[in-house]
1. Among F80, F34, which comes first, second and so on when ranked by fewest other beta-carbon atoms within 10 Å?
2. Express in nm, to one decimal, how much length is gained between E120 and K78 on full extension, taking 0.36 nm for each residue of separation and deducting their alpha carbon distance.
3. Hey, fewest Cβ within 10 Å first, where do V125, V89, V53 land in order?
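Computed from the coordinates by the stated procedures, all read-outs in this text should not be read as laboratory data. Please read these numbers as outputs of a predicted model, since none were measured by experiment. Cβ coordinates were reconstructed from backbone atoms using ideal geometry, including for glycine residues, and neighbour counts include every protein chain displayed.
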Amino acid sequence: MKTSFLALTCAVALFAPLSSAADDDKGTKKSAGFGTGIYPTKEGKINVYIDKVDTNSPTLLLLRNSRGEIMYREVISKGFQKFGRRLNVDDLESGKYEIKVIINGEAQSTSFELTEQRIERVLRVD
């Protein structure tokens, strides 16, 4: 009999907070108006931290699957300079996902993948 469970497999970028540098090596412009830290927890959740320079703009937090369907959407109102959210991904199917933070037209995103890991049960008779 086989038992399966979801294991979180994340891209290297997911383990380290995203920087607010002007350009990365791929030429993608990153926001200078805010920084994000997105990383997995030991419990298989994902922590998202946002630190904004300008508190006059709302923040949009999105979680999308590989088909572009929005699995989670939250609007964080104006006035918050620092914000944190723990996302529970236990009920999501295996596949690739993207977390995107949008503030004042500028966006930062990171991707991760959920995979199903199979564990076999072994019976030994002595």
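1. Placing the least packed residue first, the sequence is F80, F34.
2. Stretched fully, the E120-K78 segment lengthens by 10.1 nm.
3. V125, V53, V89
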